[in-house]
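Right, one structure below, let's go through it.
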Amino acid sequence: MLDFPAGTKHEAKCNVTYGTMGHLDPKQPPVKRKPFAAILNHSFVQKVDLILPEELYKIIGDSISTEFVKPIYSRVILPLKALVEGEFFNEYIKKGNILMLSEGRAGVDNVYSLKEGILTLHLDKESYERAGLVGKPEGVKGKRGTKPRWVVEINLRLPSMLHGKKGFDRIVYAFKNVLTTPVTWLFHDLRPTAITPDPLDGHFPAKKTASPRVSQPIKVKMPVIKPPTDADSLYGADFDDYAIDVQEWLSLVLLESPRVNSDDNIDPFLSRYVPPGDSFTNSKLIKVTWQGFLSPSWVHKTFVQMLLCVPQDEWFACCVVGFGDGPLGESKAYTILKLPDATKEFVLWEVA
């Protein structure tokens, strides 16, 4: 058979941006320019890692533990019909602002999500046809080995979304007669103060707090992490190599791989990896991790707090991973590296 190259249109790609953050107003932090826009473009976040030098952590560690907000989220079992009934519908969807994500494997199971009042249903063909809702095909068209799937988006904040309206009653009917299976949800209320009484309490949620976990000091061979600055004909190729090498090194630090350890002496027959660059310094790094059902707005606020409390000559990296909510189960991720000895310069890697 002929070995034709596979198409890369639907494969994950990494976009790299090198720039300056500009002025940072603590009262009105930016939201439309990078890297801040990349943070808010995520729908749901499951893990945030901060990588920073041990010396820097000794300075700001107490602030991270005491001043940074600890996100609170819940795990609860609900059928879809509970979202459009009673006080839950009125308080959380019509008036409030919540994030919800159901269990299930994207691209295989029926998976539901709710953000900014928009309920998104990822359905298999049978469920879609039985529900009678209007949607559109999802995923790669005509790909062999994949079953057809559909996605339905319902804006529950529209004025027409009221009981007694024909379109809304059709949705309620589908939830009561077709999509009836209760599923486990992750639930996050974005309002600063909780509702009293809480409509969620009747479903007996398990509340959880995402507290920061601090790693033991990681001994590393510290490379030069500043990008090349020579604007010659080879600059583009040099920056490509820099972006790939530093991203790989940061990924190994996240994994606490022994390959980046300053004492690593593995046989080169087993691993030929060396940190990027020609000169290294022995250093110790700290990794601070939050894991759970986190909101992009919380990540944005945490990143701004880090920028405000970190001296300009220091560096840190913020690594964020989303849930596997793509049509093929892929998840979005990005890494923001605040460069040392630079006035708010950054490098941003976006994988999507």
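FYI, it's all coordinate maths here, none of it is from the lab. A quick note: this is a predicted structure, and the numbers were derived from the prediction, not measured. All Cβ positions, glycine included, derive from the backbone under ideal geometry; neighbour counts span all protein chains shown.
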*Under a plain spin-label model, where a point goes 7 Å from the Cα along Cα-to-Cβ, how far apart in nm are residue 172 and residue 191?*
2.2 nm
_Just to confirm a number: summing +1 for Lys and Arg and -1 for Asp and Glu over residues other than residue 262 whose beta-carbon lies under 14 angstrom from that of residue 262, what do you get?_
0
*Fully extended contour minus Cα-Cα distance, from residue 20 to residue 352, at 0.36 nm per residue*: 117.3 nm
_If I take every Cα pair under 8 Å that is 6 or more residues apart in region 72-209, average their sequence separation and divide by the length, what percent do I get for the relative contact order?_
42 percent
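Report the semi-axes of the equivalent ellipsoid for region 246-352 in whole Å, largest first, where each axis is √(5λ) for an eigenvalue λ of the Cα gyration tensor.
26, 21, 12
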*Based solely on its DSSP helices, what 222 nm [θ] is calculated for the chain when runs of n ≥ 4 H residues each add -39,500 (n - 2.57) and the sum is averaged over all residues, nearest 500 deg cm²/dmol?*
-6000 deg cm²/dmol
*If you add up the charges near residue 285, with Lys and Arg at +1 and Asp and Glu at -1, over every other residue whose beta carbon is less than 13 angstrom from its beta carbon, what do you get?*
0
*Beyond 36 Å, what share of the Cα-Cα pairs of the chain remains, rounded to the nearest whole percent?*
33 percent
*When every alpha-carbon pair in region 182-310 is counted, what percent end up more than 27 Å apart?*
46 percent
*Please report, for the Cα atoms of region 72-209, the Rg to one decimal and the Dmax as a whole number; what are they, in angstrom?*
15.4, 51
